[in-house]
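The structure under discussion appears below in the form of C-alpha cells.
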Amino acid sequence: MPARKPKLAVWKFTSCDGCQLSLLDCEDDLLAIADRFEIAVFLEATRHRARGPYDVSVLEGSVSTPHEVERVRDIRRQSKFLIALGACATAGGIQALRNFRDVRGFLDLVYARPDHIDTLPTSTPMADHVPVDFELRGCPPSGKQIVEVLGAYLAGRKPVVPGHSQCVECKVAGTVCVMVNGGIPCMGPVTQAGCGNLCPSRGRGCYGCFGPMETPNAPSLAAWFGRLGQDSRDILRLFRNYNPETAAFRAESERHG
Amino acid sequence: MDAAAVFERTELGRLVAILAADGYRVIGPTRRGTAIVYGDIAGDADFAIGLIDEQEGGTYRLREVDDPRVFNATAGQTSCRQYLFAPRQRLWSAERTGTGFRLAEDSAGAEPPLAFIGVRACDLAAVGVQDRVFGGHYPDPRYMMRRRRALIVAVACARAGNTCFCASMGGGPEVGPGHDLALTELVDGGRHVFVAETGSERGALLLARLDPRPATGAEIAAARAQTEAVKGRMGREMVAGGPEAIRANPEHPRWHEVAGRCLTCTNCTLVCPTCFCSTAEDVADLGNARTERWQRWDSCFTLDFSYIHGGSVRKTAASRYRQWITHKLSTWWDQFGMSGCVGCGRCIAWCPVGIDITEEARAIRDSQ
C-alpha cells in the first residue's frame, strides 16, 4: 500500500449532479473510499478544495460551453487517471438532444437576453475533448460499479464492467422478458448492462440509460419495435433518449426521423 | 408402464406437503406476473392451474382456460437450470491475515435439497445433458451436490406448444430417464388422476406415501395415447439432416443473413436449459483485505467470451450465431456424445426478434 493516499477529485460539468450523488449514495463504502483516497475536490460532499495535481479525477457532465472546453483540458493536465462518469460525460447525455436542433432558436425562446448566454451548439462527451482513461456508463451510473472502478484503480487491475446487453442481467436475475412476455418495447437487447436490472424487474422496458452494448444491432431491434406497433416517432424517441449522441443510437434515430 | 400406479388429483397437495416436511425446497410451475416460471411451491394453490401458454417466435402469452389440469403449460422462460447451475454463485473468498491469507471455499451443501414437481420431458432431458457436462472429467462440485440431492417428479405433456420440437430431437414427449417419479395427468369427465411410474427407490418410497392403487389397463393405455397424440402437435420440427448441413457449411451466406437479425443479446443461450458456460468475476473490497471469486452465467454471444490476448476471436454476429448453433446441434456430439438441443423451443420464443433454430437449420439444409 502506498504511503501517500491517492488524491481523488470529482468535477461537475453540464449535468444534473445525479452521478456525483450516486457516488455520495455509496453509503456503506463511503468511509472506505475516504479512508483509501484523499478527497481533494467533491463539491457535493464538502467545500474543502485541495490544489492539484490529482491522482484520479472523476468527471460528471458533458461539455456544452466554451469555458468547459478549457476546464476539461486544465483538469486533464492536472490528473493522472481520468474517469468519465455517467451518460453525460461518456455520451453527451440527454442534453445532447440539442445536437439535433438549432440551439440559437432555443436561446431566443427561453432567455430575455440571449446575448448573455455563451454556449456551444452541441453537448459532447469528455472523450471528444481529452483522452479519457475509463468511461463508466449510466444515467445515473450504478454505485456498485463506481465502487468497483475505484477499487480496481487501487488494486491496479481492470474493473469488472462487462459490455454485454441488459438481457444478461434480466436472465441472471430471473426477470421474465417484458418484451417477449408483455410486448413492451425494450431497449435492453441493445443496451449495456450494469444498472442492476432496474426497469425490466419492475415490468418496464429498458430506457437505454447505459448506452449501446458492445455490438448493438439497432436496426434489427427497431424493426421488431415496428412489429410491436411502434411508429417511426416512437422508435425515434426510444433511441433518442439519454444517450442520443452515441453512434448506434444516433444512426438508428436518424433512420426514423 | 406395467407397474404403474394411480393417485388422485387431490393427493398432489399432500405430495408438496410431504416433500416440504422432508426438508425439500419444492419447485414447480407457478405464475409470476403474466408468465409461468419454475418457482417455489408452498401448496396446491401455487401451481399455475387454468392457464396455458401461447408461444411464437419472440412471443409468450398466457391464456386462461376452463381446464382443471395442473400441468397444462409447456416450457416457459426458466428451467431446472437456474436451480442446479446457479446464475451467480460465490466459489471462494480470501481474507488477508497479517503476512498471508486465508481461503474459504463455498459449497452447495448448506442449501436445502431441491424437489422439482412438473418437470417436462424436455427439461428432464436437459438435466441429463447438464449431468454429462458437469459430471464429466472435471466434475462441478456445486452442480453435482445439488443434483445428487435433488428429487425430480416429471410430468408428461398433455399438449405441445407452437415452439415445441422435442419429438424431432428425442427430448420428449415421453419422459426419459433421470426422474424419481414420472406422472401422466389424466382428466376424463369428473375423473382427475395421475398415472405414476417410479424411476428410483426414492421415488417408489415417495409414491407409497400417496395412497396409490395399481393402474388399470385402460388408464395405462389412456396415458400412452395422450403422450403419443402430443407428438403430432409439435409446432416446430428439426429437419432431418439439419445438424449435418450446419456443420458442413461454415461459410454459408445464411450466417450473414441471420446476423442481420441477431442482436447478440445472449437470450437464446441463457434460456437454453443445456447451455453451461460461465465466467469468473473477482470482487475485492476497497480496504484491500478481502476478495471473492464469483461464477456468473456467460454466453458465446458476448465479446468477452472469446477474448484472448489481443482481442475477441468471434467479433461478428455471424461467427457467434454459427458457433452457438453448430455446437448445440452438431459438435456437442463430438464433445459429449449427445445432442446439446432437446427441442424445448425456448430459444425461439425468448429471442427478442424471434430467430428460429429450426428455421435456420432448415434453410441451410434446403439450400444444399
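The values are calculated or read from the model by the stated rules, or taken from the named source; none is laboratory data. Model, not experiment: these values are computed from the prediction. No Cβ is skipped: glycine too gets one built from the backbone with ideal geometry, and neighbour counts run over all protein chains shown.
Please determine whether any residue of the range B:175-182 is β-branched (V, I, T) and under 17 Å from the mean Cα position of the chain (by Cα).
Checked against the condition, which is being β-branched (V, I, T) and under 17 Å from the mean Cα position of the chain (by Cα), the range B:175-182 yields at least one hit.
In the list B:S330, B:S339, which residue meets the criterion of being more than 14 Å from every other protein chain (Cβ to nearest Cβ) and either over 30 Å from B:L62 (Cβ atoms) or not in a loop (DSSP other than H, G, I, E, B) (or both)? Even if it seems obvious, please write down each step before you answer.
On the way: B:S339 fails: either over 30 Å from B:L62 (Cβ atoms) or not in a loop (DSSP other than H, G, I, E, B) (or both).
Sole residue among the options that is more than 14 Å from every other protein chain (Cβ to nearest Cβ) and either over 30 Å from B:L62 (Cβ atoms) or not in a loop (DSSP other than H, G, I, E, B) (or both): B:S330.
Can you tell me which residue within the range A:163-178, out of those that are under 23 Å from A:A248 (Cα atoms) and touching a strand residue (DSSP E or B) at 6+ places or on another chain (Cβ under 7 Å), is surrounded by the most Cβ atoms within 10 Å (Cβ to Cβ)?
The selected residue is A:S165.
Take residues that are within 13 Å of another protein chain (Cβ to nearest Cβ) and tell me which of the helices (runs of 4 or more DSSP H) falling wholly in the range A:187-257 contain 2 or more.
Counting at least 2 such residues, we get A:218-227, A:247-255.
For A:V160, only one of the following conditions fails: (1) surrounded by fewer than 17 Cβ atoms within 10 Å (Cβ to Cβ); (2) among the hydrophobic types (A, V, I, L, M, F, W, C); (3) closer than 30 Å to B:N288 by Cα. What is its number?
Failing condition for A:V160: (1).
Residue-by-condition table, conditions (1) without any contact (Cβ under 8 Å) to a residue 60 or more places away in the chain; (2) aromatic (F, W, Y); (3) assigned to a loop (DSSP other than H, G, I, E, B); (4) under 28 Å from A:V178 (Cα atoms):
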| site | (1), (2), (3), (4) |
| --- | --- |
| B:E219 | no, no, no, no |
| B:A222 | yes, no, no, no |
| B:A225 | yes, no, no, no |
| B:V230 | no, no, no, no |
| B:R247 | no, no, no, no |
| B:T264 | yes, no, yes, yes |
| B:P273 | no, no, yes, yes |
| B:W294 | no, yes, no, yes |
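Regarding A:A173, is this residue more than 8 Å from chain B (Cβ to nearest Cβ) and touching a residue at least 12 places away in the same chain (Cβ under 8 Å)?
Details: more than 8 Å from chain B (Cβ to nearest Cβ): no; touching a residue at least 12 places away in the same chain (Cβ under 8 Å): yes.
So A:A173 does not fit the description; no.
Evaluate the range A:144-158: report whether one residue or more is at pLDDT 95 or above and closer than 25 Å to B:R31 by Cβ.
no
Give me the residue from the range B:303-334 that is under 21 Å from B:Y138 (Cβ atoms) and exposed (fewer than 13 other Cβ atoms within 10 Å of the Cβ) and, out of that set, nearest to the chain's Cα centre (by Cα).
The qualifying residue nearest to the chain's Cα centre (by Cα) is B:D334.
Counting only residues that are surrounded by 12 or more Cβ atoms within 10 Å (Cβ to Cβ) and more than 11 Å from chain A (Cβ to nearest Cβ), give me the strands (runs of 3 or more DSSP E) lying completely in the range B:57-112 with at least 3 of them.
Passing ranges, in order: B:88-97.
Go through (1) farther than 30 Å from A:Q166 by Cα; (2) buried (at least 16 other Cβ atoms within 10 Å of the Cβ); (3) in contact (Cβ under 8 Å) with a residue 12 or more places away in the chain and name the single condition B:V258 misses.
Among (1) farther than 30 Å from A:Q166 by Cα; (2) buried (at least 16 other Cβ atoms within 10 Å of the Cβ); (3) in contact (Cβ under 8 Å) with a residue 12 or more places away in the chain, the lone unmet condition for B:V258 is (1).
Among the residues of the range B:242-252, write down those that are modelled with pLDDT of 95 or more and small (G, A, S).
Answer for the range B:242-252, where residues must be modelled with pLDDT of 95 or more and small (G, A, S): B:A245, B:A248.
Here are some residues: B:I36, B:I41, B:I52. Which one is over 21 Å from B:A208 (Cβ atoms), within 14 Å of chain A (Cβ to nearest Cβ) and of a type in the set (A, V, I, L, M)?
Values: B:I41 fails: within 14 Å of chain A (Cβ to nearest Cβ); B:I52 fails: within 14 Å of chain A (Cβ to nearest Cβ).
It is B:I36.
Quick check, is B:N249 of a type in the set (S, T, N, Q) and under 23 Å from the mean Cα position of the chain (by Cα)?
No: the conditions fail for B:N249.
Check off (1) at pLDDT 95 or above; (2) of a type outside the set (G, A, S); (3) under 30 Å from B:T97 (Cβ atoms) for B:K231 and give me the number that stays unchecked.
(3)
Conditions: (1) at pLDDT 95 or above; (2) buried (at least 19 other Cβ atoms within 10 Å of the Cβ). B:L205 meets all but one. Number of the miss?
With respect to (1) at pLDDT 95 or above; (2) buried (at least 19 other Cβ atoms within 10 Å of the Cβ), B:L205 is out only on (2).
Is it the case, given these coordinates, that B:C262 is within 29 Å of B:E359 (Cβ to Cβ), within 11 Å of chain A (Cβ to nearest Cβ) and hydrophobic (A, V, I, L, M, F, W, C)? Step through it out loud before you land on a result.
Numbers: within 29 Å of B:E359 (Cβ to Cβ): yes; within 11 Å of chain A (Cβ to nearest Cβ): yes; hydrophobic (A, V, I, L, M, F, W, C): yes.
For B:C262, the condition - within 29 Å of B:E359 (Cβ to Cβ), within 11 Å of chain A (Cβ to nearest Cβ) and hydrophobic (A, V, I, L, M, F, W, C) - is met.
When you scan the range A:134-145, do you find a residue that is crowded, with 24+ Cβ neighbours inside 10 Å, within 12 Å of chain B (Cβ to nearest Cβ) and either without any contact (Cβ under 8 Å) to a residue 60 or more places away in the chain or assigned to a helix (DSSP H, G or I) (or both), even just one?
No, that holds for no residue.
Assess whether B:I348 counts as being outside the structural domain of B:T163 (by TED's automatic domain parsing), buried (at least 21 other Cβ atoms within 10 Å of the Cβ), part of a helix (DSSP H, G or I) and of a type outside the set (S, T, N, Q). Break it down stepwise before answering.
On the way: outside the structural domain of B:T163 (by TED's automatic domain parsing): yes; buried (at least 21 other Cβ atoms within 10 Å of the Cβ): yes; part of a helix (DSSP H, G or I): yes; of a type outside the set (S, T, N, Q): yes.
Taking the combined requirement at face value, the residue satisfies it.
In the range B:351-368, what residues are buried (at least 21 other Cβ atoms within 10 Å of the Cβ) and within 21 Å of B:S79 (Cβ to Cβ)?
Selection gives B:C351, B:P352, B:I355, B:D356, B:I357, B:T358.
Within the range B:309-324, track down each residue that is at pLDDT 95 or above and part of a strand (DSSP E or B).
B:S312
Could you say which residue among B:G76, B:G100, B:G23 is in the same structural domain as B:P141 (by TED's automatic domain parsing), under 21 Å from the mean Cα position of the chain (by Cα) and either farther than 26 Å from B:G235 by Cα or at pLDDT 95 or above (or both)?
Unique residue meeting the criteria: B:G76.
Mind listing whichever residues of the range B:296-305 are outside any loop (DSSP other than H, G, I, E, B) and within 7 Å of chain A (Cβ to nearest Cβ)? Step through it out loud before you land on a result.
In the first step, residues of the range B:296-305 are kept if they are outside any loop (DSSP other than H, G, I, E, B); the result is B:296-297, B:304-305.
Matches in the range B:296-305: B:R296, B:W297, B:D304.
Determine, yes or no, whether A:P162 is more than 12 Å from every other protein chain (Cβ to nearest Cβ), modelled with pLDDT of 95 or more and part of a loop (DSSP other than H, G, I, E, B).
no
Taking into account only those residues within the range B:5-33 that are β-branched (V, I, T) and closer than 11 Å to B:F116 by Cβ, which is farthest from the other protein chains (Cβ to nearest Cβ)?
Filtering first and then ranking leaves B:V26.
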